[in-house]
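The values are calculated or read from the model by the stated rules, or taken from the named source; none is laboratory data. Bear in mind the structure is a predicted one, so any value in this text is a computation, not a measurement. So basically every Cβ, Gly included, is an ideal-geometry build from the backbone, and we count neighbours across all protein chains shown. To get the accessible areas, we keep the full protein, side chains included, count just its heavy atoms, and leave off ligands, DNA and RNA. Shrake-Rupley method; radii C 1.70, N 1.55, O 1.52, S 1.80 Å.
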Amino acid sequence: MLHLTRAFPSTEGRLEPRWLMYLGFISLFTYAFSKFIWEDFSDHANNILITTGLIAFCIYGKGIRKTPLLLLLAFILIQLLSWSLGLWQYPQWAIDDPRVKDLAKLFIFISIAWWLGGSTRNTFILWGVAYIGFIVATLLAPENNGWLAGFTGERVGFGIRNKQHAAMLFGVFLLGMICFFKRFWKMGDYRKTRIALWSLGIAIAIAGIVVGQTRAVWLSTVTSVSLGALICIVIALLKGNAKRLILYSAIIFLSLVSLFGIVGSTIGDSISKRALKESGVISQLVEGQFSEIPYTSIGIRVNSWIAASQWIAERPITGWGPKGRELVMSETDWLPDWVLQKFGHLHNYFLETWVEYGLIGVLALAMLALWIGQATWRAWRSGMMPTDIAFFGCLFFVYWIIVNQIESYNSFPTGQFVHNLIVGGLITHYWRTTFSNKDKDQKISLNQDL
């Protein structure tokens with residue numbers, strides 16, 4: 001059962017009204033659980049979450065609200081600037097709505113982090129509730145787009161946005177199960193049950209990645225997991241814990257290989273065809289032959305990126321406004337008509353940001369990422385963030401950078417959901433660190449006065 005545990009009451013030393021706290025908690029966990037089961041209901045909960053969280057944060061978050069609110073303000077101003085220039089310089093393509101919510105949605109983590117209250121326990125419960133809701137949604141998917149169809153070799157997405165999005169969610173799930181391995185396997189009560197749950201979770205994550213047949217997820221998962229393994233090896237060798245590392249690594253490696261082998265053997269032909277389908281296009285790109293790239297899955301992306309680079313060259317600093325990515329796809333003469341009709345985005349979140357909001361938009365994203373990274377580091381160094389959460393945050397960053405280069409997840413509700421839940425869990429520990437440091441300073445000042 002979830003208790004309203006808060007590692008920081010507030011940075012002003014007083015709590016929000018009880019009704020506001022309850023409303024914030026209920027909306028947070030409702031939003032997380034129902035996102036993929038009942039999206040309209042989840043959107044209502046999200047609106048309540050944002051409203052209650054921002055109200056409480058702005059009133060009671062003294063000392064921690066400055067940086068995130070300034071970043072949010074900067075994002076809004078950048079969007080307004082780009083949109084205003086569009087109205088002035090190319091009104092035939094401008095739109096009436098500046099759509100400031102497009103980038104502002106990346107800051108929902110503020111409300112999430114606040115209501116988590118700096119609690120590691122609440123963070124794990126939230127992430128667990130979100131993935132239980134996701135798994136339930138996959139079980140409710142139509143037969144032709146669910147597990148049974150996936151195990152017959154069909155590429156499935158469980159009715160979640162499109163097939164790439166479900167696979168991405170399973171990739172994040174797998175990273176979490178690997179990073180939090182020791183919590184399931186450690187000695188203590190219900191150890192066998194915990195190990196069984198971990199094994200089931202790993203099996204589900206791998207199966208979901210395989211049947212999703214999304215190359216970007218395969219690449220980002222393998223890269224982030226390999227980086228994690230390398231980091232663990234280096235740390236273990238430096239600390240002289242190589243034996244324990246070998247044991248843990250062997251268990252995880254054998255589990256992954258066995259499960260990938262079992263799932264892959266059932267639909268091996270489909271997987272191999274999917275993996276090798278674009279080999280000719282990849283070879284062409286490696287050799288630097290960018291002319292006459294065929295319009296395959298990868299080819300469409302590359303051609304749209306080339307088109308985007310031409311638009312960026314015309315307005316590199318401020319971009320083309322909130323409709324920029326659509327302009328690239330609809331107003332580039334040499335792109336085929338069927339591509340213009342089928343696709344309205346560039347399959348690359350960073351290029352989309354550059355096209356729409358220019359270099360200043362990209363720099364704003366970099367500043368946000370830098371602040372999140374520094375906050376994670378400081379929370380871990382202070383001892384307020386468990387090592388496995390910091391490790392997960394590191395691997396998730398690598399994973400997220402890669403997948404957003406090939407599919408613009410952060411432009412869609414699914415990616416924004418993942419971004420905000422993970423970042424919210426990281427930042428809440430940082431704010432806990434800030435409050436703890438203030439509490440220590442107050443105690444030191446009191447002792448000096450005495």
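The table below lists the values:
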{"read-out": "Subset of the stretch 169-184 (residues that are open to solvent by 60 Å² or more (accessible area, probe 1.4 Å) and either at pLDDT below 90 or assigned to a loop (DSSP other than H, G, I, E, B) (or both))", "value": "K182"}
{"read-out": "In the stretch 362-382, residue most open to solvent (accessible area, probe 1.4 Å) [restricted to those that are farther than 13 Å from R432 by Cα and either outside any helix (DSSP H, G or I) or touching a residue at least 60 places away in the same chain (Cβ under 8 Å) (or both)]", "value": "M367"}
{"read-out": "For T387: the one exception among (1) buried (at least 17 other Cβ atoms within 10 Å of the Cβ); (2) β-branched (V, I, T); (3) free of Cβ contacts under 8 Å to residues at least 60 places away in the same chain", "value": "(1)"}
{"read-out": "Any hit, the stretch 200-207, residues being under 21 Å from N410 (Cβ atoms) and either in a helix (DSSP H, G or I) or small (G, A, S) (or both)", "value": "no"}
{"read-out": "Boolean, L148 is part of a helix (DSSP H, G or I), open to solvent by 60 Å² or more (accessible area, probe 1.4 Å) and among the hydrophobic types (A, V, I, L, M, F, W, C)", "value": "yes"}
{"read-out": "Filter result (open to solvent by 40 Å² or more (accessible area, probe 1.4 Å), not in a helix (DSSP H, G or I) and not charged (D, E, K, R)) within the stretch 49-96", "value": "G63, P91, Q92, W93"}
{"read-out": "Of all residues making up the stretch 385-422, the number that are of a type in the set (A, V, I, L, M) and over 16 Å from I112 (Cβ atoms)", "value": "7"}
{"read-out": "Failed item in (1) in contact with a helix residue (DSSP H, G or I) (Cβ under 9 Å, 6 or more places away or on another chain); (2) among the β-branched types (V, I, T); (3) over 26 Å from F170 (Cβ atoms), with I59 passing the rest", "value": "(1)"}
{"read-out": "Whichever residue in the stretch 187-213 is modelled with pLDDT under 85 and over 19 Å from A137 (Cα atoms) and, among such residues, is surrounded by the fewest Cβ atoms within 10 Å (Cβ to Cβ)", "value": "M187"}
{"read-out": "Which numbered condition E326 fails, given (1) open to solvent by 20 Å² or more (accessible area, probe 1.4 Å); (2) more than 22 Å from M168 (Cα to Cα); (3) outside any loop (DSSP other than H, G, I, E, B); (4) at pLDDT 90 or above", "value": "(4)"}
{"read-out": "Those residues of the stretch 329-352 which are without any contact (Cβ under 8 Å) to a residue 24 or more places away in the chain and either assigned to a loop (DSSP other than H, G, I, E, B) or closer than 24 Å to S84 by Cα (or both), in sequence order", "value": "S330, D333, G344"}
{"read-out": "Residue within the stretch 409-418 that is open to solvent by 10 Å² or more (accessible area, probe 1.4 Å) and of a type in the set (G, A, S) present", "value": "yes"}
{"read-out": "Subset of the stretch 329-346 that is open to solvent by 10 Å² or more (accessible area, probe 1.4 Å) and closer than 28 Å to A74 by Cβ - its residue that is modelled with the highest pLDDT", "value": "H345"}
{"read-out": "Every residue from the stretch 383-408 that is of a type outside the set (S, T, N, Q) and either part of a loop (DSSP other than H, G, I, E, B) or more than 18 Å from L174 (Cα to Cα) (or both)", "value": "G383, M384, M385, P386, I406, E407"}
{"read-out": "V136 vs. criteria surrounded by fewer than 20 Cβ atoms within 10 Å (Cβ to Cβ), closer than 30 Å to I427 by Cα and touching a Phe, Trp or Tyr at 6+ places or on another chain (Cβ under 6 Å)", "value": "no"}
{"read-out": "In the stretch 16-31, residue most open to solvent (accessible area, probe 1.4 Å) [restricted to those that are among the hydroxyl-bearing types (S, T, Y) and touching a helix residue (DSSP H, G or I) at 6+ places or on another chain (Cβ under 6 Å)]", "value": "T30"}
{"read-out": "Any chance S255 is over 30 Å from Y349 (Cα atoms), within 26 Å of the chain's Cα centre (by Cα), at pLDDT below 85 and in a helix (DSSP H, G or I)", "value": "yes"}
{"read-out": "Test: residue in the stretch 419-436 that is outside any helix (DSSP H, G or I) and at pLDDT below 95", "value": "no"}
{"read-out": "Which numbered condition A166 fails, given (1) under 27 Å from Q405 (Cα atoms); (2) open to solvent by 40 Å² or more (accessible area, probe 1.4 Å); (3) touching a helix residue (DSSP H, G or I) at 6+ places or on another chain (Cβ under 8 Å)", "value": "(2)"}
